[in-house]
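Peer 1: Provided herewith is a single structure, encoded as structure tokens, for subsequent inquiry.
The values are calculated or read from the model by the stated rules, or taken from the named source; none is laboratory data. What you see is a predicted model; the values in this text were computed from it and never measured. Cβ placement follows ideal geometry from the backbone for every residue including glycine, while neighbour counts extend to all protein chains displayed.
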Amino acid sequence: MTSGRVMAMFGRAEGRDMGSTRRLAAGLAAAALLASCGARGFDPDLRGWLPGNLGTAEAAAEAPARPQPDERGVISFPGSQVVLARSGDTPAAVAARLGLSGDALARHNALPADAALTAGAVLVLPQRVAGAAATTSAPALRDPFAAASPAAAGAGAAPRPAPANPREHVVTAGETAWSVARRYNISVQDLASWNGLPADMGLRVGQRLIVPAAAARVAAATTSAPGQGSATPLPPSAAAPLPDETTRPAASPAPEAPVADLGTTRTAASGSGRFRMPVQGSIIRVYEKGRNDGIDIAAPTGSTVAAAGAGTVAAVTRDTAGVPIVVVRHEGDLMTVYAGLGDVAVSKGDTIGTGDRIGAAGNNGFVHFEVRRGFESLDPETFLN
């Protein structure tokens, strides 16, 4: 769900630029994803990630589709080979199918030889196996991550040329799918599809990842011969004189702008009533998917920020400037995210009830609130009562 990429909350809501807004959304999405990893997941300080933007969507170039495997599940590249596991496979079973040592294949991929593999999981081979073509057009083993296209689906389709030899990356402690994708300037979705990563994007220390080469972005250039460009439009005054108008002298004072009372502008919510407002105040910026993945609620410094619903504190982390972010997991695979806090009154793993205090508003004048289901952000107003 680029980016990570969370500095926007330090300006007034109406003064933030769109680049800062995208960084806030990506940072909060990353925090929510960390929370979805479960009790055994890790909860890193986001400042330990790569500097600057935390996402990959803006900087990453699109990678080509992964080649189709042969009937054994093998994909061959100029300098390496990988194999796709079948349902119920173990490293030992895959190795036996390919005539390799089970211990060597398992050790090369940081797995026990009897580890249960999910369908589509990718293992890097420690040595090449014979009889594998670079690509196949109609593999017997279905590739669950292959892009569906008429050319790929046709039984007589011509084989595609193999893409550039992918890099190989060995996962170290603390790395995530997002940090690896950003390191190689590809999208996290491409990294997941090439490696058969699970839905929670979980990695293990020592896991070998294949990193596809990103396709270069080529900007289409349009040129025209001198005198053959767009025609100059005829000004309206050429056909008819401009109408008379009365203008105000430049020295005249500007009219006074009405003073809005934001506390009286909030309308009754039309949502499901699943959650309550985390802080008392007006919604000063609404949800815009992909631009503002939550709502901003006006809140004076020190205002109590309460849990929107009962749940478990899944993560307590900080943005790149040290401002706290709290993620709470609720029933129904939902998570709520609270940013722009001045202090935090809960810890990871705490069980809290609706309305329990989780912290206080910071000095930005607002609290940012999100509702998420996995990677997807949802409109918080549809859940508020």
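Peer 1: Val205 passes all but one of (1) surrounded by 13 or more Cβ atoms within 10 Å (Cβ to Cβ); (2) modelled with pLDDT of 90 or more; which number fails?
Peer 2: (1)
Peer 1: Restricting to strands (runs of 3 or more DSSP E) lying wholly in segment 303-385: which have 2 or more residues that are under 29 Å from Trp178 (Cα atoms) and touching a helix residue (DSSP H, G or I) at 6+ places or on another chain (Cβ under 9 Å)?
Peer 2: Fully inside segment 303-385 and qualifying: 311-318, 324-330, 334-339, 366-373.
Peer 1: A further question on this structure: Answer yes if at least one residue in segment 245-265 is at pLDDT 70 or above and surrounded by 10 or more Cβ atoms within 10 Å (Cβ to Cβ), and no otherwise.
Peer 2: There is no residue in segment 245-265 that is at pLDDT 70 or above and surrounded by 10 or more Cβ atoms within 10 Å (Cβ to Cβ).
Peer 1: Return yes or no: is Ser87 surrounded by 15 or more Cβ atoms within 10 Å (Cβ to Cβ) and at pLDDT 50 or above?
Peer 2: Values: surrounded by 15 or more Cβ atoms within 10 Å (Cβ to Cβ): no; at pLDDT 50 or above: yes.
So Ser87 does not fit the description; no.
Peer 1: Can you work out which of the residues in segment 270-293 that are in contact with a Leu (Cβ under 7 Å, 6 or more places away or on another chain) and of a type in the set (Gly, Ala, Ser) is surrounded by the fewest Cβ atoms within 10 Å (Cβ to Cβ)?
Peer 2: Ranking the candidates gives Gly271 first.
Peer 1: Consider segment 352-367. How many of its residues are of a type outside the set (Gly, Ala, Ser) and touching a Gly at 6+ places or on another chain (Cβ under 8 Å)? Before you say what the answer is, go through the steps one by one.
Peer 2: Restricting attention to segment 352-367, the residues satisfying the condition of being of a type outside the set (Gly, Ala, Ser) are 352, 354, 356-358, 363-364, 366-367.
Narrowing further to those that are touching a Gly at 6+ places or on another chain (Cβ under 8 Å): 352, 354, 363-364, 366-367.
Matching residues across segment 352-367 total 6.
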